Structures are given as C-alpha cells and as structure tokens.
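Here's the structure, in structure tokens; my notes come after.
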Amino acid sequence: MITRILTLFIAMALTWLPASQVLAGYGDGPGCGLGSDLIGKSGSKDILHQTLASSTNQIASQSFAITSQTWGCTNNGHFASLEHATVFANLNFDNLSQEMAQGGGEHLASLATILDVPAEQQAEFFALTQEKYPLLMQAGKESPAVMIKTLDDAMVAHPVLAKVSLTR
C-alpha cells in the first residue's frame, strides 16, 4: 500500500514539475520569479532550495513576473512592443492596409514607432511593408497578430531592419 502511494506521489511530482525544474541544480537554477526572490535569497544552491524556488515560480506565474518585470525578472521590452503592435494592428487594420499599399502614412508611422523602428530607418520600413503587402495582407486575413509576426519575420530577413526586429 505504501509503495503504491509513494509511486503515485512520485508520478504526480514528475508530472507537475517539468524536467528543467526537477533538475534545477544544473545550469543557472530556477531563474527569476517569486520563488527565486523569496527562497533563492538564501544563497543556497542545493537542489532542494532550487527545486522549491522553481516550483514556487511555477505556481506564482513566472510568466507574469517576466512580462511585468517584477520579482527579479526583466525583459528587453520586445514582448510589450509586440503586444502593443498587435493591439494597434487590430484596431487600425483597414488604415494600415491602405498605408502599407501606399508605402507610408500616419498609421504606418505609428506602427513603426511601436515596433521601435528608428526615425532614420522608417523609410526602409515603409518600403518593406509596401514590397511585402500581398504577404502581409494574406497573413492579416488570419489575424492581425499573424500579420505582425509575418512583418517581424520580414524585418529579420531585411539587411537594415534586422537590427530592430522584435525577435532578433
């Protein structure tokens, strides 16, 4: 009976914790989050402390900590820019569609600013959106989020705009 309970407990623990958390003693440990902030401050690098910190990170939503830059987590701002660009594209899709076809305009300039395209590279950005217009509009039929992802993929492949791409 005890063997069955122990086996069930181990199976549940291994299912609940991803392998990276079970093996938290390897690499940089549990990363950032509430657990790392509370338990990781003890300075102990043993597997028990790291596993507890990692488990707490999982329970306390480490993804929230990363996007909100709390509990010792930081990001480079690209996630927020990508989300803002998607919301903007959703609200202004028709205007963006026209301006991408024309190769410029107020809404397209605003999108470039949201995507952190420097002013001196916006002409390249406008030309890229005009060149990739059919591809972008096809992606936009699926959703504005897919259009933004397709645009970012095009920026990655562009010799000048690759430096400002959100997924570089």
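The values are calculated or read from the model by the stated rules, or taken from the named source; none is laboratory data. Keep in mind it's a predicted model, so treat the numbers as computed, not measured. Using ideal geometry, Cβ is built from the backbone for each residue, glycine included, and neighbour counts are taken over all protein chains shown.
So the check is Cβ under 8 Å with 6+ separation or different chains; which pairs have a first residue in region 113-136 that's farther than 17 Å from ALA89 by Cα and a second one that's outside any helix (DSSP H, G or I) and among the aliphatic types (A, V, I, L, M)?
GLN121/VAL160; GLU124/VAL160
Just give me the residues in region 125-162 being more than 23 Å from the chain's Cα centre (by Cα), crowded, with 18+ Cβ neighbours inside 10 Å and charged (D, E, K, R), in sequence order.
LYS132
If PHE126 meets every condition in (1) in contact with a helix residue (DSSP H, G or I) (Cβ under 8 Å, 6 or more places away or on another chain); (2) modelled with pLDDT under 95; (3) hydrophobic (A, V, I, L, M, F, W, C) apart from one, which number is that one?
Answer for PHE126: the failing condition is (2).
Against the definition (at pLDDT below 90 and not acidic (Asp, Glu)), how does ILE148 come out, yes or no?
no
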